[in-house]
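Before any comments, here is the structure.
The values are calculated or read from the model by the stated rules, or taken from the named source; none is laboratory data. Every value quoted in this text rests on a predicted model; they were computed, and no experiment measured them. Methodologically, a virtual Cβ is constructed for each residue, glycine included, from the backbone with ideal geometry; neighbour enumeration extends over all protein chains shown. SASA here: full protein model, heavy atoms, side chains in, ligands and nucleic acids out. Shrake-Rupley method; radii C 1.70, N 1.55, O 1.52, S 1.80 Å.
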Protein chains: 4
Amino acid sequence: MSGNSFGKLFTVTTFGESHGLALGCIVDGCPPGIALSEADLQADLDRRKPGTSRHTTQRREPDQVRILSGVFDGKTTGTPIGLLIENTDQRSKDYSNIADTFRPAHADYVYSHKYGFRDYRGGGRSSARETAMRVAAGAVAKKVLAEKGVQVRGYLSQLGPIAIDQSRFDWEQVEQNAFFSPDAKAASEMEVYMDALRKEGNSIGARISVQATGVPVGLGEPVFDRLDADIAHALMSINAVKGVEIGDGFAVVNQKGTEHRDEMTPGGFLSNHAGGILGGISTGQTIEAHIALKPTSSLRLPGRSINAAGEEIEVVTKGRHDPCVGIRATPIAESMMAIVLLDHLLRHRGQNADVESVLPMLGSAES
Amino acid sequence: MSGNSFGKLFTVTTFGESHGLALGCIVDGCPPGIALSEADLQADLDRRKPGTSRHTTQRREPDQVRILSGVFDGKTTGTPIGLLIENTDQRSKDYSNIADTFRPAHADYVYSHKYGFRDYRGGGRSSARETAMRVAAGAVAKKVLAEKGVQVRGYLSQLGPIAIDQSRFDWEQVEQNAFFSPDAKAASEMEVYMDALRKEGNSIGARISVQATGVPVGLGEPVFDRLDADIAHALMSINAVKGVEIGDGFAVVNQKGTEHRDEMTPGGFLSNHAGGILGGISTGQTIEAHIALKPTSSLRLPGRSINAAGEEIEVVTKGRHDPCVGIRATPIAESMMAIVLLDHLLRHRGQNADVESVLPMLGSAES
Amino acid sequence: MSGNSFGKLFTVTTFGESHGLALGCIVDGCPPGIALSEADLQADLDRRKPGTSRHTTQRREPDQVRILSGVFDGKTTGTPIGLLIENTDQRSKDYSNIADTFRPAHADYVYSHKYGFRDYRGGGRSSARETAMRVAAGAVAKKVLAEKGVQVRGYLSQLGPIAIDQSRFDWEQVEQNAFFSPDAKAASEMEVYMDALRKEGNSIGARISVQATGVPVGLGEPVFDRLDADIAHALMSINAVKGVEIGDGFAVVNQKGTEHRDEMTPGGFLSNHAGGILGGISTGQTIEAHIALKPTSSLRLPGRSINAAGEEIEVVTKGRHDPCVGIRATPIAESMMAIVLLDHLLRHRGQNADVESVLPMLGSAES
Amino acid sequence: MSGNSFGKLFTVTTFGESHGLALGCIVDGCPPGIALSEADLQADLDRRKPGTSRHTTQRREPDQVRILSGVFDGKTTGTPIGLLIENTDQRSKDYSNIADTFRPAHADYVYSHKYGFRDYRGGGRSSARETAMRVAAGAVAKKVLAEKGVQVRGYLSQLGPIAIDQSRFDWEQVEQNAFFSPDAKAASEMEVYMDALRKEGNSIGARISVQATGVPVGLGEPVFDRLDADIAHALMSINAVKGVEIGDGFAVVNQKGTEHRDEMTPGGFLSNHAGGILGGISTGQTIEAHIALKPTSSLRLPGRSINAAGEEIEVVTKGRHDPCVGIRATPIAESMMAIVLLDHLLRHRGQNADVESVLPMLGSAES
């Protein structure tokens, strides 16, 4: 399709600009008979929505989602699910001044070249606001996966120089602070760091990690639609992401085979350097992925750029922005992971439903 | 499609197992009128083929490709291009002993679960041998891209502990050593390292980098088919790859906005931290991607595993294997990058052919 | 994708049930810079909408469409166009009684089996109401095609026993009567026929014809995505359609080669038995397609059926229905044809943009 | 993909020109564990192959197929199945004279415009020879469907003026004559008719019918990927096909609702005017489709045309051709039907595997 759809059997297609009338999404291929309500989607949307702490943009959007189709008597019908979120707090005037400006490290320049002209209000389609519908669609996927015993969870593993300490890792903490940090101590350091950064008028990058547990063995289609390849596609498609790792990721560059290979015993895998995927197919262990998000380029600090006339200009971005786009990225990353997993669950089921495996099933070593 | 196809308008579909009769590929969507011969494909195939140095598997495969269709009077006709490589040096007996064995960190276990049974000879479809057809298809893409002034090149940037020194970077060197290293001194260190590793019976990971120059502004389809997302999909689909970076990649986690944003001047971009892609669309700068490849798990050193009966066993992999699969991965990574770029070139052309950009066109700062 | 999307580069994805909150659609891949307003879409929606004459269902739906995204300053931006129509006149009570009933020749029985349960209100997703969004999306395609000099028009060529007389064919007439008949005399006969049919409580089939003029030579992708194959797919996907013909259609069964072949002269083709398509590719002549629509099965006259318990029942369908679904099908057929043509125009442009044809270009004989 | 692939989960991609080195195909998505041998494919290939009677082209092609991958120990592995048929009897010299000629009603003119130049040998890719691989792929689908109790069969229902007599319908006869006619008497009339036609140097059209029995309720994805829409796409993509009907097809134009609707009783459907498909979904009754094939345009009788220079010429086609392409089309139509059914079986299974239907299951009235 034309770029705004993702998934083969579980397909998500989105529309909407930062300052348009609304954001929308069609979730096609959702299995029938699944209990689904707007509340199910709202929970994750609220985790992503702006203005929940002083560390994110102060744009006020309730991000209230409406289910327009595909659900009857509280259950999915198997027909496409139409979702809609109206934009309420647009303030387009904030942006009129940048109509002819190319903000450095933004999509202004490339959109203008690709399409000839662009909706310059708040970045239009290139705004991270687009990700709201990914979260809504991802919540649908999570609901279906939950019925299969699959759980997808994410957390912020590093914010600028502050990395979490695995010894203090606590899933409970993740929803207790503004950063989705599983490490309470790191979270308070981040508070201090972000306050200083905001005063400075600068922004910072972050690292997000996502895990999926309960994933059955066998998801993923060799050779191009490997599960890890589709996860990489899904996660790299999130705004500001510049890197994706599965399992040990780039650390494998300096690992030896004896160190990396996850040995197996009748009791289970002895390690999970692979991040739950071998040969592009899920092993039944926990699936682990990590992404790097760049610092936002909407800064109060002046930057050099050019305008549509090619003249040198100085850009100072006012308006409301996230000093660290990574902070709100955790639910987005979870959503994309969930969408990929459900899509592959359905694909695998379609093609291999007759397979009766009599082979030993190994649990994940760490579970 | 079902996992063995890649690309929307320029589509590559492959088949073939490590020890089957042949490997094949259909390249669909190649523009007509392009001069193409088997020699064009053979050059890259020879760069990838095994047994060219003592540092790769000693399996002897000429990897002689035949063009069976889609080319007439030396030019592409616009119809699908059928490519075939016969397997010659199979030695299946090497593998009969592992029919019921799950080699640790191999796809044996997951394939057996997914499909119920598997072609165990040399890993069957999960073997890196499958990548030969990617290289053949990529060579077709490179040929077309070359006519558009787009060049795709790769190199090995790190082998285990040995990273190249940018101050010694020399494209000329890349084809002068067995490692595709642009740093001659690093290459000789790698020789020593690999000899020791081979004696030890172990394997090691590697990092490969790919660049594309001459890419026009505007390639990439927001939001899910972003150029970087498709590149991530393509590169992560290569055997043994565990991580993908665009531009600065994971380094952005600890970068500030003022440091990361690539400022623009009438003279061009002042830096390229973005790796030539903003908002998922090419900027006209050099596109830069990096991948991490895990160490192969086919080792002489014994490893713990189980068999199909679930009994604990010790696995010692004999046969012929690459102690560093990264060594032969450079042409594969180039090929996948080329396939993605050509596919997006055609897609962009189809949808935006009428766009007449009167905007300033910036060169890449470093070009 | 999962069944609710159509088109490769110009992609239409729809959602919505007959008695849900709204119908919606995402038009992805529309070229940028095209002037587009809601009025452009409303014109065709009004041609399709119910209750415009006594010969169609009396359900009152304004079918007012809203453009929610993808258009800025009155022009398409190249980003997905979100379209929405709210349902206003639902009267679900009309249907509560058929919750456990399988109406003969309706989708009730198959939906119940496929999905386990169904939205029984007015046929839910299987209702012809779904076609409203096809018309809205088709209107977008028509607007783009018009800029390329391509015009798509349709008409009703037969209603039950009343076929139009080619000697009285007048395009002007098509919009002058309730039937889209190009033959005024036939139209008045249809008036009489339909009045009698309505009294009788029965329904009737119809034949619709669609033409596209100004189509350039070369659209269509061999071998499976032939232009005629995609047109057949598109038209057969319209509710109640049971047959599709291109050009002479089934008449070719008893034609000889000398009679069927469209001879060429420097002045143009001497005939158009092929309907403007050879080898699956447009010839530059007028493209002609015809479809057969079955009589609706929602009748006042009792029919034998069963209920969800498998018990024999008698079905009498009250409520508001079209005694001839074919009457409102003309704009729907035009829309699907337009969507296919634009999709192929973009695909051809993407893959063959470099082709510089120096060959003779023939006009259509009859143009 | 780019036109040479068909199917979503069960995907067939073909390559090959009439006079190229070989024809090939990749069957992707075939479920694992199915017993499959070259003999399984050869049976149908032999039914289609040329030169088996004096009524088809005298080109001698053994059409010997080789399975190059995807099958191990006699069973499918779930990996792509590579198929190859070498061309043996090409006689390209027969065609050198038409390099600059546009044969009327052939694809010469449109291919030349679309691609800028063409492989003129025997029609290149536009030759019906391409359909050999459809038959090979279809045979794979038939084998899988057979395990599900689904049988796909076809027959020639009309050749020019000679239609079969339903009262003499006998499936046994279909393989007993050169025409796939289920009516022995009609077959002998066809012998006479074809002999006269051959002397005359002319060609004739035909009508082919395809049936599928044992199809479960529920196959087909509303709204665009309806089962009938995909069947129409598949059948219209066959060379020379100009019309497709499902069930009563064009006869519905003059049917009333009371006549057309297939009433249901606890004992089953009382009729099958719908051809086994309602709302785009299979009903469990026999699926019935019919196609119209045009007369071939390769005639000894001279026809008016132009050459690449636009000059008027007279075309007399020598070489070896089918005076009725419909004669060999039966196995091709069966194959396309089988491919569609298996693809939808897998899709339905993937998305609705959890549906536990407790509803009454009706048999087909005529079964």
For the range A:240-272, give me each residue that is part of a loop (DSSP other than H, G, I, E, B) and more than 8 Å from chain B (Cβ to nearest Cβ).
A:240, A:267, A:271, A:272
When the range D:95-144 is checked residue by residue, the ones that are more than 17 Å from residue D:239 (Cα to Cα), in a helix (DSSP H, G or I) and touching a Gly at 6+ places or on another chain (Cβ under 7 Å) are D:95, D:113, D:114, D:115
State whether one or more residues within the range B:313-330 are among the acidic types (Asp, Glu) and more than 22 Å from the chain's Cα centre (by Cα).
yes
Looking at the structure I just gave you, is residue C:143 under 19 Å from the mean Cα position of the chain (by Cα), open to solvent by 20 Å² or more (accessible area, probe 1.4 Å) and not acidic (Asp, Glu)?
yes
Just name the residue that is nearest to the other protein chains (Cβ to nearest Cβ) out of those in the range A:48-77 that are touching a Pro at 6+ places or on another chain (Cβ under 9 Å) and open to solvent by 50 Å² or more (accessible area, probe 1.4 Å).
A:75
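Results for (1) modelled with pLDDT of 95 or more; (2) aromatic (Phe, Trp, Tyr); (3) surrounded by fewer than 20 Cβ atoms within 10 Å (Cβ to Cβ), shown as yes or no for each residue.
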position: A:83; (1), (2), (3): yes, no, no
position: A:91; (1), (2), (3): no, no, yes
position: A:98; (1), (2), (3): no, no, no
position: A:104; (1), (2), (3): no, no, no
position: A:119; (1), (2), (3): no, no, no
Kindly check whether there is at least one residue in the range D:227-236 that is within 7 Å of another protein chain (Cβ to nearest Cβ) and in a loop (DSSP other than H, G, I, E, B).
no
Check on residue C:123, under 30 Å from residue C:342 (Cβ atoms) and in contact with a helix residue (DSSP H, G or I) (Cβ under 8 Å, 6 or more places away or on another chain)
yes
Is it the case, given these coordinates, that residue C:356 is more than 14 Å from chain B (Cβ to nearest Cβ), under 28 Å from residue C:9 (Cα atoms) and of a type in the set (Asp, Glu)?
no
Among the residues of the range C:167-187, count how many are outside any loop (DSSP other than H, G, I, E, B), polar (S, T, N, Q) and in contact with a Ser or Thr (Cβ under 9 Å, 6 or more places away or on another chain).
1
Among (1) surrounded by fewer than 18 Cβ atoms within 10 Å (Cβ to Cβ); (2) farther than 25 Å from residue C:232 by Cα, where does residue C:177 come up short?
(1)
Would you check if residue C:342 is open to solvent by less than 10 Å² (accessible area, probe 1.4 Å), within 8 Å of another protein chain (Cβ to nearest Cβ) and at pLDDT 95 or above?
no
Before we move on, is residue A:153 of a type outside the set (S, T, N, Q), within 24 Å of residue B:262 (Cα to Cα), within 17 Å of the chain's Cα centre (by Cα) and open to solvent by 10 Å² or more (accessible area, probe 1.4 Å)?
no
Could you list, in sequence order, the residues of the range A:304-327 that are open to solvent by less than 30 Å² (accessible area, probe 1.4 Å) and in contact (Cβ under 8 Å) with a residue 40 or more places away in the chain?
A:305, A:306, A:307, A:315, A:317, A:322, A:323, A:324, A:326, A:327
Within the bounds of the range D:30-41, is there any residue that is within 7 Å of another protein chain (Cβ to nearest Cβ) and open to solvent by less than 10 Å² (accessible area, probe 1.4 Å)?
yes
Positions within the range B:192-222 being under 19 Å from the mean Cα position of the chain (by Cα) and within 12 Å of chain A (Cβ to nearest Cβ), in sequence order:
B:204, B:205, B:206, B:207, B:208, B:209, B:215
Residues that are basic (Lys, Arg) and open to solvent by less than 30 Å² (accessible area, probe 1.4 Å), drawn from the range B:241-293:
B:242, B:261
Condition first: crowded, with 24+ Cβ neighbours inside 10 Å, touching a residue at least 12 places away in the same chain (Cβ under 8 Å) and closer than 30 Å to residue C:134 by Cβ. Can you find one or more residues in the range D:296-303 that meet it?
no
Tell me which of these residue A:6 doesn't satisfy, since it passes every other one: (1) out of contact with any Pro (no Cβ under 6 Å at 6 or more places or on another chain); (2) open to solvent by less than 10 Å² (accessible area, probe 1.4 Å); (3) under 25 Å from residue D:353 (Cα atoms); (4) not small (Gly, Ala, Ser).
(2)
